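Each remark here refers to the structure printed beneath this line.
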Amino acid sequence: MPVLNLHLNAVDLTEALCNIESVSGNELSIADAIEAALSELGHLNVVRDGNAIVARTNLGRARRVVIAGHIDTVPVANNLPIQRTIDSVTGEAMLVGRGTVDMKAGVAVQLRLAVELTEPNVDLTYIFYDNEEVDASLNGLGRISRNHPDWLAADFAILGEPTSAQIEGGCNGTMRVEVVTKGVKAHSARPWMGVNAIHAAAPALATLAAHVPLELEVDGLVYRESLNAVLVSGGIATNVIADECVITVNYRFAPSRDAEAAEAYVREVFAGTPGIAEIRVVDLAEGARPGLDLPEAASFVAATGFEARPKYGWTDVARFSSMGVPAVNFGPGNPSLAHADNEAVAISEIYACEEALRKWLTA
C-alpha cells in the first residue's frame, strides 16, 4: 500500500496523490492510503464506505461544512508520473499529468486542511469518494447518500472541482430528451412509396437552430441555459427510406427550474413544430442553487475575496442541493484541461485555494 505523508506541502502532496494511479474502479490503493493517513489524526473520526473515506471533526460547533472531492481519474494517457514544468506563455510553474486538474490538487488541499485545522470555526466533514468519472449509479457520493445520509448532513458544502481557483456557485441541471419523427419504409429507388422520417426531422432541427438561450438569475448569479441537438439517428440501411428518426437533445437548465419545469419548457419550445411524433425524457439530473444568500456562503465569498460566478456544467454539488445543503465549486485547475492529455495545474492556484479556505475556516 502506498504511504501518504500528509505533512508535505500541498504541491508535493498533489504530486504524490497523482502518482498513485486511480482510474475509476481502481481506487482501492489511494483510498487505503488516505484512510491510513487520516486515521493517525486524533482530532478526526474516520469512517469508510467502499472506497470512499469520510473524516469528521466533532467539536460541537453550531455549523458544519462539508469539503468534498473525488479520488478517481479518467484513464491515463501516457501522462504519469507527474512532471514539473514552466508554462511557456504565462511563465507559471505547473504540475503536468493525469489528475492534476481533475481533481487531485483539490484533494491535496482537503488533506492539508484536515491535518492542520484542529480547531476550525465550524465542524468539518471531509469526503474523499470514488467513481465520479463513470456512470452515476457507481458514484461514491451517491452511494454514501443512500447508505449513510447522516454523513452528508451539513449547512454548506464546497466541492473541490477545478474552477481556476474561483468560486462557481451551484450548477445547471441537465436533461436529455429524444425528439422522434415517424415515416413509412420504402425502397430508396421508389421513395414516393414511403415517408422519410429523416426529412421530417428538419423542422425540429430548425427550431433548435433558431432557439435563443435564456439567462436566468438565481441567488444573484446569472445562469445561461442551452438547448442543443447532440445526436441524430435514423434509418436501417442505405437503400431504405427511414421510418423513424431520433434527435437527441441536451438541455442545460438553470437551477431555479426543477425537473417538471425543465420538461415543460422543452415541450413548450417544440410546441407547434410539425413532424414531431413523440418527445421523451431519457435522462435527468437537477441542478443546484448556490445559496449565496446564506451566511455560510456569503462569509466564504467575503473571506476569499473572489467574485462568485455561475457553474454552467453539472457537478456533484447537485447531490448536496437535493439534500437541502447549498454548495459551491472551488478548486485549483483550469477545467478546460480536465481529461486532456496535457492536463496541468498552476502551482499558484493550489496554494491560493489552500490559503483561501484556511483563512475562512479560522477567521
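The numbers here are math on the coordinates, done by the rules we state, and not lab data. Please read all numbers here as calculations on a predicted model, not as lab measurements. Don't worry about glycine lacking a Cβ; one is built from the backbone with ideal geometry, like all the others, and counts go over all protein chains shown.
To the nearest 10 degrees, how steep is helix 295-304 against the longest Cα principal axis of the chain, on a 0 to 90 scale?
Helix 295-304 and the main axis of the chain meet at about 70 degrees.
Quote the Stokes-Einstein diffusion coefficient, in whole µm² s⁻¹, for segment 173-285, based on the Kirkwood radius over alpha carbon pairs, a temperature of 25 °C and a viscosity of 0.890 mPa s.
163 µm²/s
With contacts defined as alpha carbon pairs under 8 Å and 6 or more residues apart, what's the relative contact order of the chain in percent?
23 percent
Extension gain Asp341-Val74, at 0.36 nm per residue separation less the Cα-Cα distance, in nm?
Stretched out fully, the Asp341 to Val74 stretch lengthens by 95.1 nm.
Kindly give the semi-axes, whole Å and largest first, of the ellipsoid equivalent to segment 100-240, taking each as the square root of 5 times a Cα gyration tensor eigenvalue.
After scaling each eigenvalue by five and taking roots: 48, 19, 14 Å.
If the cut-off is a Cα-Cα distance under 27 Å, which lysines reach Lys185, setting aside same-chain residues fewer than 8 apart in sequence?
Straight-line reach from Lys185, under 27 Å: no lysines qualify.
Taking the dipole about the Cα centre of segment 173-285, with the C-beta of Lys and Arg at +1 and of Asp and Glu at -1, give me whichever of Phe270, Ala204, Gly183 is farthest to the positive side.
After comparing all options, I get Gly183.
Find, among the GluC sites (Glu not before Pro) in segment 9-99, those assigned to loop by DSSP (not H, G, I, E, B) with at most 12 other beta-carbon atoms within 10 angstrom.
Glu40
Please report the antiparallel percentage of the DSSP beta bridges confined to the chain, to the nearest 5.
Of those bridges, close to 75 percent are antiparallel.
How big is the gap, in Å, between the Cα center of segment 102-171 and the Cα center of segment 182-213?
Between the Cα centres of segment 102-171 and segment 182-213 lies a distance of 46 Å.
Suppose every Lys and Arg Cβ carries +1 and every Asp and Glu Cβ carries -1, with no other charges. What dipole size does segment 43-103 come out with about its Cα centre, to the nearest 20 debye?
Using Cβ point charges on Lys, Arg, Asp and Glu, segment 43-103 gives about 460 debye.
Along each of the three principal axes of the Cα atoms of segment 141-189, give the extent in whole Å, ordering the values from largest to smallest.
Reported extents, whole Å, longest axis first: 64, 33, 14.
Can you order the peptides 330-341, 198-209 by their average number of other Cβ atoms within 10 Å per residue, highest first?
330-341, 198-209
Contact order normalised by length for segment 209-257, with contacts defined as Cα pairs under 8 Å and 6 or more residues apart; what percent is it? Let's see the in-between values first.
Numbers: 68 pairs, mean separation 17.3, N = 49.
Across segment 209-257, relative contact order equals 35 percent.
Would you mind working out the magnitude of the charge dipole of the chain relative to its Cα centre, with +1 at each Lys and Arg C-beta and -1 at each Asp and Glu C-beta, to the nearest 20 Debye? Can you show the working numbers first?
Values: 26 positive and 46 negative charges, 143 e Å.
The dipole magnitude comes to about 680 debye.
Relative to the first principal axis of the alpha-carbon coordinates of the chain, what is the inclination of helix 105-116, with its axis defined by its Cα atoms, in degrees from 0 to 90 and to the nearest 10?
30 degrees
If you take P(r) over Cα pairs in 20 Å bins from 0, in percent from the coordinates, which of (1) 31, 62, 7; (2) 29, 54, 16, 1; (3) 28, 49, 20, 3 do you get?
It is the one labelled (3).
Excluding residues on the same chain fewer than 8 positions from Lys359, give the lysines whose Cα lies under 24 Å from its Cα.
Output for Lys359: Lys104, Lys311.
Select from Leu159, Thr57, Gly324 the residue farthest towards the positive end of the dipole of the chain; place +1 on Cβ of Lys and Arg, -1 on Cβ of Asp and Glu, and compute about the Cα centre.
Selected residue: Gly324.
Taking the chain as a Gaussian network, Cα atoms linked when under 10 Å apart, which of Gln83, Gln166, Gln110 shows the biggest mean-square fluctuation?
Of Gln83, Gln166, Gln110, the Gaussian network model singles out Gln83 as fluctuating most.
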